[in-house]
1. List the residues, sorted by chain then number, that are 5 or more residues from R288 or on another chain and whose placed amide H is less than 5 Å from its amide H.
2. Could you check which residue among A100, A255, A193 shows the biggest mean-square fluctuation in a GNM of the chain with a 10 Å Cα cutoff?
3. Work out how much length K207 to H315 would gain on full extension: take 0.36 nm times their residue separation and subtract the Cα-Cα distance, in nm to one decimal.
4. What are the semi-axes of the equivalent ellipsoid for the chain, taken as the square roots of 5 times the Cα gyration tensor eigenvalues, largest first, in whole Å?
5. Between R225 and S194, what is the FRET efficiency for a Förster distance of 25 Å, r being their Cβ-Cβ separation, to the nearest 0.05?
6. Enumerate lysine pairs in the range 129-294 that are 8 or more residues apart or on different chains, then count those whose Cα atoms are under 25 Å apart.
7. Quote the relative contact order of the range 129-294 in percent (integer), defining contacts as alpha-carbon pairs under 8 Å separated by 6+ residues.
8. In units of 2.2 N^0.38 Å, what is the alpha-carbon radius of gyration of the range 129-294?
Amino acid sequence: MLKRCSVASHCLGIESTADDFSVGILSFEGKVLANVISAYVPEKGGIHPREAARHHAEVAGKVLAEAFQRAGVKPQEIDVVAFSQGPGLGPCLRTGATAARALASYLGVPLVGVNHCVAHIEIGKLVAGAVDPVTLYVSGGNTIVSAFEAGRYRVFGETLDIAVGNCLDVFAREAGLHGREGMPLGAMVEQLASRGQTLIPLPYTVKGMDLSFSGFLTAAVQLLRKGKHSLEDLCFSLQEVAFSMLTEVTERALAHTEKSEVLLTGGVAANKRLQSMLESVAEEHNARFCVVPKQYALDNGAMIAWTGILAYQHHVTLPLEKSFVKLKWRLDEVPVLWVGG
Ligand code: AMP
Ligand code: MG
């Protein structure tokens, strides 16, 4: 038997698509009561999916307990459990899904499968106050320009190969930098870039409305290995060229849709240079610029819980037997029933 909604309803959301395991607890009114994030930082190299999944399994109990404690909510007061069903890395997604299924069936409450990219947009709208924005979502795994149109978040432009965050991370590792909790590689590139002065030419690849970063990354790494330029100038050029590409595509989506807001989200949204480029484009089009605060811009459980609430209120739930993860679940495949109705 499923539990009936109590007066003060709560949703618990689990995020585990890649390197972060996170649990958020929100009231149905949209109050964030807890948003606990545990990041997996590889000792060497990029994210190994099975290593990241092992981290998630190890910290899951602790992160859940801390979320309940911070929220001041008992497990019995949870009315819905949501989890990121995709897109993401298989082993990581499955670890979060297993925790979500176990919790939902133990508590006897409905389960909601949330699209990770939709969640980034919805939490952005909640915390940055956007209503109907053009969204630039830039992270370690995704680079997407989207806007709501005819029942879905349509993809206006996206990367054809690697994500911009991944591009910055690979370059930084090639340069011998090591990320740590609280200081991601992208932030290190930003620090170095602030001391750069000379713009070094790099391939600028915008194809129609889509972007490509792999040739750009190869060219930057080759320049790095030649050792002719300072790391500061290389980081500066990397940011200027990559962020100009992102800004161009976002501007064209804005001009086409004539929306009145630009929303910047994802881990790379923390970058001040990217923020200022987008802000000036938004200004030129008389659009309001909204940037999602860091704790809600990077992968987090609060965004999963909030999107779970929106979906649940529109009768979207997921039977346990159909709750398999979807590694390649696209943003524009999801019917967004709660917008524009
Ligand atoms: P996410 O995938 O949303 O968890 O975000 C992680 C990505 O954001 C990684 O690629 C980070 O290097 C990147 N990132 C974090 N802070 C910054 C920053 N200040 N500038 C650029 N990229 C950043
Ligand atoms: Mg992450």
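Computed from the coordinates by the stated procedures, all read-outs in this text should not be read as laboratory data. Note that the structure is predicted; figures quoted are calculated from it, not measured. Reconstructed Cβ throughout: ideal geometry from the backbone, glycine too, with neighbour counts over all protein chains shown.
1. Distant-sequence amide H within range of R288: E261, V262.
2. A255
3. Gain in length upon complete extension: 35.0 nm.
4. 34, 23, 16
5. Approximately 0.60, to the nearest 0.05.
6. For the range 129-294, the number of qualifying lysine pairs is 4.
7. The normalised contact order for the range 129-294 reaches 28 percent.
8. Dividing the Cα Rg of the range 129-294 by 2.2 N^0.38 Å gives 1.01.
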